[in-house]
Amino acid sequence: MQRRILYREITKNKIILSPEPLVKKSIEEKLQLGYSIIDKPKGPTSHQIAAWIRDEFKVPVAHSGTLDI
Amino acid sequence: MQLHGDVNENELRRVINMFIGEIYQKPPLRSAVSKKPRIRKIYNIEILDIKGKDVLLKIKCQAGTYVRKLCHDIGEVLGCGAHMKDLRRIGIGNLNENDKRITTLHELFGAYREWKNYNIADYLNEFVRPIEELLFFLPKIYVKDSSLFSITHGSFIAAPAVVAVTSDVKPKSIVTINTIYNEIIAIGKSELAGEEIVKLKHGIVAKVDKVLKTIENAGSGI
């Protein structure tokens with residue numbers, strides 16, 4: 001079922017259901033809180049990739065897979 | 001998956017089909033979670049190719065499935081043994097392999113240095129994406145600017161703070177807490193269904209689990 005916006009009260013602020021924030025985020029903001037999709041070759045682990053990016057970008061980095069042990 | 005012996009193709013198909021549905025998996029010794037067996041759902045296994053002892057499988061499974069273990073277990077049931085030779089994740093959530101924003105580590109580093117050294121952000125902007133995209137699939141609660149300070153400093157979300165919700169908010173759902181400009185400031189757990197929240201005059205509607213962006217000046221919004 002298509003999801004809709006349900007308003008709690010009458011408001012002049014129309015909410016737009018969108019995957020992007022209305023105000024474009026700066027690079028600095030996205031580096032603090034953002035994501036990248038990395039095409040990882042066979043060899044280094046996801047954990048290592050995250051560590052390398054952390055070292056280069058000097059921001060906290062975690063990964064969400066490919067989880068495999 | 002590489003088989004350790006010769007297997008009749010019909011037998012292989014029969015055994016693989018046995019693994020579709022709910023299966024028990026015991027996490028491997030070298031794993032981050034507790035070692036007690038757990039149930040994982042295997043939604044589908046498709047045999048894409050068979051070449052000698054190599055079998056190419058396309059598996060759609062629940063998060064946290066050990067695919068290496070799955071291959072091993074298929075081998076056990078077949079009797080000959082098998083192991084996972086290679087693994088590629090071709091999709092997760094609403095992301096997939098054909099996404100044009102996908103990048104390699106080299107490209108990402110190149111883009112980062114181009115921004116850092118020459119202030120050209122075009123490539124980096126393409127590869128580093130806002131969190132809102134990734135969490136778009138989650139139900140959402142939109143809150144007033146005036147509540148951002150207290151919510152990002154540990155307050156529960158009370159009904160008067162809510163401007164709107166998405167219709168997929170259910171009791172106990174994990175939700176994103178958004179500003180009216182569609183910026184995610186926190187992740188929380190809803191107490192009520194969306195239809196109830198919008199009718200509520202006062203009371204707690206959701207609890208915050210993780211603040212993603214702390215808002216320091218109360219009421220100023222973005």
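The numbers here are math on the coordinates, done by the rules we state, and not lab data. Remember, predicted model here, so these are calculated numbers, not experimental data. We place every Cβ from the backbone using ideal geometry, glycine too, and count neighbours over all the protein chains shown.
I need the shape label for region B:1-98. Rule: rounded when a/c is under 1.5, else prolate if a/b > b/c, else oblate, with a, b, c from the alpha carbon gyration tensor. Oblate is the answer for region B:1-98, as a/c is 1.5 or above yet b/c matches or exceeds a/b. Rounded to the nearest 0.05, the FRET efficiency derived from the C-beta distance between B:GLU22 and B:LEU138 at R0 = 41 Å is 0.95. For peptide B:180-192, the mean count of partner chain Cβ atoms within 10 Å of a residue's Cβ comes to 2. In straight-distance terms, cross-link reach from B:LYS51 covers every one of the lysines whose alpha-carbon lies under 19 Å from its own, apart from those fewer than eight places away in the same chain; here that gives B:LYS85. For chain A, the longest principal axis of the Cα atoms and the long axis of helix A:46-57 meet at an angle of about 80 degrees. For region B:127-199, just say rounded, prolate or oblate: build the C-alpha gyration tensor, square-root its eigenvalues into a ≥ b ≥ c, call rounded for a/c under 1.5, and beyond that prolate if a/b exceeds b/c, oblate if not. Taking the square roots of the gyration eigenvalues as a ≥ b ≥ c, region B:127-199 is oblate. Compute the Cα gyration tensor for region B:56-212, then decide on rounded, prolate or oblate, letting a ≥ b ≥ c be the square roots of its eigenvalues: rounded whenever a/c is under 1.5, prolate when a/b is larger than b/c in the other cases, and oblate in all that remain. Oblate shape, in that a/c is at least 1.5 and b/c is the bigger or equal ratio.
Helix-only estimate, please: 222 nm mean residue ellipticity of the protein assembly as shown, summing -39500 (n - 2.57) across DSSP H runs of length 4 or more and dividing by its residues, to the nearest 500.
Values: 9 runs with 72 residues, N = 291.
The helix contribution divided over the protein assembly as shown gives -6500 deg cm²/dmol.
Please compute the net charge surrounding B:GLU191, taking Lys and Arg as +1 and Asp and Glu as -1 over other residues with Cβ under 10 Å from its Cβ. Surrounding charge for B:GLU191 is +2.
Our coupling estimate for region A:22-32, obtained by passing each phi through the Karplus curve with A = 6.51, B = -1.76, C = 1.60 and θ = phi - 60°, is 5, 8, 4, 8, 7, 4, 4, 5, 5, 5, 6 Hz, Gly and Pro reported as x.
Could you list, in their original order, any pairs among B:LYS35/B:LYS140; B:LYS69/B:LYS207; B:LYS69/B:LYS189; B:LYS100/B:LYS213; B:LYS144/B:LYS172 whose Cα atoms are separated by more than 31 Å? Checking Cα-Cα distances, B:LYS35/B:LYS140; B:LYS69/B:LYS207; B:LYS69/B:LYS189 exceed 31 Å.
Here the label points at B:ASN94 and A:SER18, each 7 Å from Cα along the C-beta direction, are separated by 1.4 nm in the simple model.
So which trypsin sites (Lys or Arg not before Pro) in region A:3-69 are both in a DSSP loop and have at most 15 other Cβ atoms within 10 Å of their Cβ? In loop regions of region A:3-69 (DSSP not H, G, I, E or B), the sparsely surrounded trypsin sites (Lys or Arg not before Pro) are A:ARG3, A:ARG4, A:LYS12, A:LYS14, A:LYS24, A:LYS42, A:LYS58. Evaluated over chain A, the count of Lys pairs having alpha-carbon atoms less than 21 Å apart is 5 (only pairs 8 or more residues apart or interchain). Filter the trypsin sites (Lys or Arg not before Pro) in region B:1-79 to those in DSSP coil with at most 14 other Cβ atoms within 10 Å of their Cβ, and list the result. Hits after loop and neighbour filter: B:ARG30, B:LYS35.
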